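The values are calculated or read from the model by the stated rules, or taken from the named source; none is laboratory data. None of the values given here were measured: they were computed from a predicted structure. Please note: Cβ atoms are built from the backbone with ideal geometry, for glycine as well, and neighbour counts cover all protein chains shown. Protein only, heavy atoms only, side chains kept; ligands, DNA and RNA dropped before computing areas. Shrake-Rupley method; radii C 1.70, N 1.55, O 1.52, S 1.80 Å.
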Amino acid sequence: MKIALIGYGKMGKMIEQIAISRGHDIVSIIDIDNQQDFDSEAFKSADVAIEFTAPQAAYGNYLKAWKAGVKVVSGSTGWMKEHGDEVRKACTEEGKTLFWASNFSIGVAIFSAVNKYLAKIMNQFPQYDVEMEETHHVHKLDHPSGTAITLAEQIVENIDRKEAWKEDTTDKKYLRVDHIRRGEVPGIHTIRYDSEADIITITHDAHSRQGFALGAVLAAEYTKDHQGLLTISDMFKF
């Protein structure tokens, strides 16, 4: 498969290594200093572009890739509130393809399935209050993380006593989501159900970015043969 990379930071370089190890060709690498390469024949030859950049750049990158006729896999977060409707329309009505996930880790996909199932169970036990905490490296600009938002939305959807999620709240009708930024932490997400009697805690703690990079390449392999707005739940049937 021919893959283009959009963004060539730590994640982009790790994705490159894993993609090559799985027999794929990297035909184009686009970063800040060569944006004109979106119009190159090399980029247009890609089956899929894998995009990991900043929140403010992601949507524009999708448009440039789609203009070149290239499908996109993206792990960039922070753009959906402003551009979510446009992306959904492009993928459902205009024939574009985006595989988007807040987190491509296989472990997080499993953790997300467990989170959803546990929330359904805990909806029956109002004596437990639920809260979430996410920790990432100091370079992460957005908060809470896209993964935390996805997990929080699952909880709110399945627990009737929570109307929505919020940061820095003491109002029990909201799911409290806290964020911590320290060091080079790849990502830790913890969900706690606390009562007077006991506490139930589930945590996903990433050792490195390798799991995210592998998941992104697996998503590209899936996206090559699928269309529309795709996500982890399409690729993994839990």
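Subtracting the Cα-Cα distance of S40 and I18 from their residue separation scaled by 0.36 nm leaves 5.5 nm. In the elastic network of the chain, a GNM with C-alpha springs shorter than 10 Å, the most mobile of T147, T92, T190 is T92.
The three principal axes of the C-alpha atoms in region 113-238 carry coordinate ranges of 48, 34, 22 Å, sorted with the longest axis first.
Close amide-amide hydrogen proximity is noted between L229 and L98, each under 5 Å apart and 5 or more residues distant or on a separate chain (H modeled in the peptide plane; Pro and chain starts excluded). In the chain, one over the average inverse separation of all distinct C-alpha pairs is 18.7 Å, which is the Kirkwood hydrodynamic radius. Nearest 10 degrees, 0 to 90: what angle lies between the long axis of helix 210-223 and the longest principal axis of the chain (Cα atoms)? Value to nearest ten degrees: 60.
Phi angles across region 185-196 convert, under the Karplus curve 6.51 cos²θ - 1.76 cosθ + 1.60 with θ = phi - 60°, into 3J(HN,Hα) values of 4, x, x, 10, 10, 10, 10, 10, 10, 10, 9, 5 Hz, Gly and Pro given as x. Across the chain, C-alpha contacts under 8 Å between residues 6 or more apart give a mean separation that, scaled by the residue count, equals a relative contact order of 22 percent. Remark on I6: its backbone amide H falls under 5 Å from those of I30, I50, E51, F52, a criterion applied only to residues 5 or more positions apart or on other chains, H modelled at 1.01 Å from N.
Hydrodynamic radius of region 1-91 by the Kirkwood approach over all distinct alpha-carbon pairs: 13.2 Å. Residue order by solvent-accessible surface for M122, M235 is M235, M122, largest first, with ligands and nucleic acids left out and a 1.4 Å probe. Working from label points 7 Å from Cα in the Cα-to-Cβ sense, the V138 to R182 distance is 1.3 nm. Each Lys and Arg adds +1 at its Cβ and each Asp and Glu adds -1 at its Cβ; summed about the Cα centre, the chain shows a dipole of about 320 debye. Relative to the longest principal axis of the Cα atoms of the chain, the long axis of helix 146-158 makes an angle of roughly 50 degrees.
Structure remark: mean-square fluctuation, Gaussian network model of the chain, C-alpha springs under 10 Å; the largest value among T170, T203, T150 belongs to T170. Helix 55-67 against the longest principal axis of the chain: what's the angle in degrees, Cα atoms only, rounded to the nearest 10? Approximately 40 degrees, to the nearest ten.
Under 5 Å between amide hydrogens, built in the peptide plane, is the criterion, and for T169 it picks out V177 among residues at least 5 positions away or on other chains.
Residue by residue, region 4-13 carries 3J(HN,Hα) couplings of 9, 10, 10, x, 10, x, 4, 5, x, 5 Hz when phi is fed to the Karplus relation 6.51 cos²θ - 1.76 cosθ + 1.60 (θ = phi - 60°); x denotes Gly or Pro.
Structure remark: mean-square fluctuation, Gaussian network model of the chain, C-alpha springs under 10 Å; the largest value among A101, A19, A68 belongs to A68.
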